Each structure stands twice: as C-alpha cells, then as structure tokens.
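S.K.: Once you've had a glance at the structure underneath, I'll fire off some questions.
The values are calculated or read from the model by the stated rules, or taken from the named source; none is laboratory data. Keep in mind it's a predicted model, so treat the numbers as computed, not measured. Neighbour counts are summed over all protein chains in view; Cβ atoms, including those assigned to glycine, are modelled from backbone coordinates with ideal geometry. Quick note on the areas: whole protein, heavy atoms, side chains included, nothing else; ligands and nucleic acids left out. Shrake-Rupley method; radii C 1.70, N 1.55, O 1.52, S 1.80 Å.
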Amino acid sequence: MSDVRLEGITKIFGNSVAVAKMDLHIQDGEFLVLVGSSGCGKSTTLRMIAGLEKPSSGEIYIGPKKVTNLEPKDRDIAMVFQSYALYPHKKVFDNLAFGLQLKKKPKNEIKEVVTEVAEMLEIGSYLERYPKELSGGQRQRVALGRAIVRHPSVFLMDEPLSNLDAKLRAQTRAELIKLHERLKTTVVYVTHDQTEAMTMGKRIAVMQGGVIQQIGTPAEVYKTPTNLFVAGFIGMPPMNFFEGQAQIEDGCVVFQGKGIRYQLPGNAQGVQNGQKVILGIRAECLNVVAESGISGIVEVVEHIGSEAIIHATTPGKEKLVIKMNGYQEAPATGSAIKVKPCQGNAHLFDAGTGNTIYTAGVV
C-alpha cells in the first residue's frame, strides 16, 4: 500500500486550464473521492495519477517514488473505468487472469488468485462465461476483480458505477465499501454523483474549475461548506439561497432579504453591519411551523415515499424548498406556510466572494 501526493499539479490543454496548481495528499489506505460536475478536472487528475496524462507542471508521488514521468505500467496502480473494458473473446477467468499472465506468473498461482478474488466478488460461478453472457453488474465485478488480482498499491476508479441502474448502484456501493475495509488499499475514486461521494469516501474533495474548493470528511463538507459552490453542490435537494444583507442588532446577526427577516443564533463575530450576503438553509433543516417564520406559498408537493419535497415561493418571489418526512401530512398546494430552520441551522455567504462568513447551529 502507498500514499499518493500531488504537488503543484497543473494540466493545460491549449488555452484551457483543466487542473490548476493542485496540492493533495491521499493517505495510505484511504478511500478519497474526487467529486464535481462535468469538466471540473476530476478525471484529468485521476488520469495524471495513472500516467495516462502528463502534467504541464508539478510532481506526483506514489509512496516514496516520484512517478511524474513514469509509464502507467511502472506505477503499481490498477484502474477501473466507467466502461467495463473487458475482452469480449475471453472468458471471465481469462479476463481476470490476463494481467497475471502478462507477468508470466505460474499457472497454479494464477488459478489460486483468480479463484479467491472471484469468490470474494461472488462471480465464481461465472468463470467459464463470456462477458456478453453477464449482466452489467456482473461485468463491473469482473472489471473490479481484474484490478484486484494485481494487488496494486493504489486503485484508481473513474465513475465505475455510472452504467448501473439505481438499485444495483446502491448495492455495489456497499460492496465496494466492504471490499475496501477488507483490502485496506489506497483508493482514489472519481464521480459526479454526490451520493456516491458522501456514502463511500472517508474524505471527499469537491472540485470546480480545476480547483479543489474543499476537502474533508462527508460530515465536514455537508455541515460546514467553505463557500457557496460547495453548499449548493452537496446536498439533495440543493440548499435554499436568499439574497439580502446582514444587520447587527444587540450583538446578533439578523438577515434582511426580500420579504424575509431572520435572526441567526449566536454572536455577530465575522459579519459586518450592512454587508451584502446570501443566506443558505438546507431543505431538510426547515420545519413547517404555526408561529412566525419565513413565509411561502406552496406551489408543488412531490411525494417520494419516505420523503415529501415541498416547493414554495416567498413574498419576494424567491424559491423555497422544504424536505419533510413522508409520513407527515404535507401542506396542500396553494396553501400558505411558515418555516423555521431546525436548531438554528443556517449559513451566511459573502455575496461578492461566495465564501462562508457565518455558520449557525453546527454541533
């Protein structure tokens, strides 16, 4: 096993900067997820670690070895791609064994290793089948198995579950987590799916425009987003945002927006009186209340089993989304509601920079 270090890594394609001066240390045995929307540079970063792309500047280390200019085969890594990339003319056994065969390993050793990995991934009964005879989930397991048999120092995974249906994706996520706990190998995992990032990563690095906006545990990134982008990207439904200004009254922060006035708990440290800000409140942190709160008119109610998503509009014509327990009675379409953040959960962002300046209600 090995750690991975990126020091000042930059990748430029023509006039476009795909990754900008990235410093990142992935601990030995860690499961780190790079997450972001398409074009943010996450796959390019993974390809540079793999040696499939050469950085324009900076250095890459795997363990104590500098690998910046080494070929992929000399880096002791294994990749799992979005496409299964299996050999269609080879049976599952030979797909799994191919890398070991190239290394001229003894046949009895190859058989032992392949059989062990196949049983671990519950594909032992498919060893004599061809890829076309397998389901998508089974093919992805074969692709994972082909990487595992090599016992690499680092696994690099580029959206390996995106071709699976929702149920199978959830099942495979759990299997990958258990597999990592068993193997204890360093994993760098790329996805645009925040659910995958939040459920699988020990730490997640949220990227935008080739830059890591925030890196931390899923709880840290969710509860204390560093800026407006991270707050809006992490969480489903996305965080509610309201434009306005901060007022300091008796040492407390009061947000004043379009038809919204809300006093945040705690002191006013770090917030300037009259500062233009954006108030952020997560949909799941809003409770429908009978007394005074943020007002809205219900426009749409989405019933999705265990949850109900309420879409409303404030008096200032801003959108308001509330997530409720699906077993509670949801307000009717067209009704007037009032909501308050539970336990005072709310965030203030500077309207100019987008950086977080105040977080309330974090335990």
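S.K.: Restricting attention to segment 255-286, and to residues there that are in a strand (DSSP E or B) and farther than 22 Å from P225 by Cβ, which single residue is modelled with the lowest pLDDT?
M.R.: Here the residue is R261.
S.K.: Could you go through segment 192-204 and let me know if any residue there is more than 12 Å from the chain's Cα centre (by Cα) and surrounded by fewer than 20 Cβ atoms within 10 Å (Cβ to Cβ). So that I can check it myself, show each step before the final result.
M.R.: To start, the set of residues in segment 192-204 that are more than 12 Å from the chain's Cα centre (by Cα) comprises none.
No: zero hits.
S.K.: Do you know which residues across segment 147-167 are of a type in the set (S, T, Y) and either modelled with pLDDT of 85 or more or touching a strand residue (DSSP E or B) at 6+ places or on another chain (Cβ under 7 Å) (or both)?
M.R.: S153
S.K.: Where the second residue is of a type in the set (D, E, K, R) and the first is closer than 20 Å to A170 by Cβ and lies in segment 117-146, which pairs have Cβ atoms under 7 Å and are six or more apart or on separate chains?
M.R.: Every condition considered, the pairs that remain are L121/R141; I123/R141.
S.K.: Return the residues of segment 304-318 that are charged (D, E, K, R) and either within 11 Å of A283 (Cα to Cα) or not in a strand (DSSP E or B) (or both); say none if nothing qualifies.
M.R.: Once the filter is applied, which keeps residues that are charged (D, E, K, R) and either within 11 Å of A283 (Cα to Cα) or not in a strand (DSSP E or B) (or both), segment 304-318 yields K317, E318.
S.K.: Taking only pairs six or more apart or across chains, which ones have beta-carbon atoms under 6 Å, a first residue in segment 10-29 that is closer than 14 Å to Q208 by Cβ, and a second residue that is basic (K, R) and assigned to a strand (DSSP E or B)?
M.R.: A18/K11; V19/K11
S.K.: Across segment 225-270, what is the total count of residues that are of a type in the set (S, T, N, Q), open to solvent by less than 60 Å² (accessible area, probe 1.4 Å), closer than 22 Å to T314 by Cβ and under 32 Å from the mean Cα position of the chain (by Cα)?
M.R.: 1
S.K.: Would you be able to tell me the number of residues in segment 3-16 that are open to solvent by 20 Å² or more (accessible area, probe 1.4 Å) and under 18 Å from V33 (Cβ atoms)?
M.R.: The total comes to 2.
S.K.: Restricting segment 17-69 to residues that are charged (D, E, K, R), in contact with an Asp or Glu (Cβ under 9 Å, 6 or more places away or on another chain) and outside any loop (DSSP other than H, G, I, E, B), which is surrounded by the fewest Cβ atoms within 10 Å (Cβ to Cβ)?
M.R.: D23
S.K.: Hey, can you tell me all the residues within segment 205-224 that are buried (at least 20 other Cβ atoms within 10 Å of the Cβ) and either among the polar types (S, T, N, Q) or in contact with a helix residue (DSSP H, G or I) (Cβ under 7 Å, 6 or more places away or on another chain) (or both)?
M.R.: If the condition is that a residue be buried (at least 20 other Cβ atoms within 10 Å of the Cβ) and either among the polar types (S, T, N, Q) or in contact with a helix residue (DSSP H, G or I) (Cβ under 7 Å, 6 or more places away or on another chain) (or both), then V206, M207, Q213, Q214, V221 are the ones that fit.
S.K.: Hey, among the residues in segment 299-350 that are more than 30 Å from the chain's Cα centre (by Cα) and within 24 Å of N227 (Cβ to Cβ), which one's modelled with the highest pLDDT?
M.R.: T314
S.K.: Follow-up question, since we're still on this one. I need a count of the residues in segment 137-167 that are more than 18 Å from the chain's Cα centre (by Cα) and part of a helix (DSSP H, G or I).
M.R.: So the answer is 13.
Every residue, every condition in (1) outside any helix (DSSP H, G or I); (2) farther than 24 Å from R47 by Cβ; (3) out of contact with any Asp or Glu (no Cβ under 9 Å at 6 or more places or on another chain); (4) open to solvent by less than 30 Å² (accessible area, probe 1.4 Å), yes or no:
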position	(1), (2), (3), (4)
A78	yes, no, yes, yes
A85	yes, no, yes, no
H89	yes, yes, yes, no
F93	no, yes, no, no
G99	no, no, yes, yes
E112	no, yes, yes, no
E116	no, yes, yes, no
K132	no, yes, yes, no
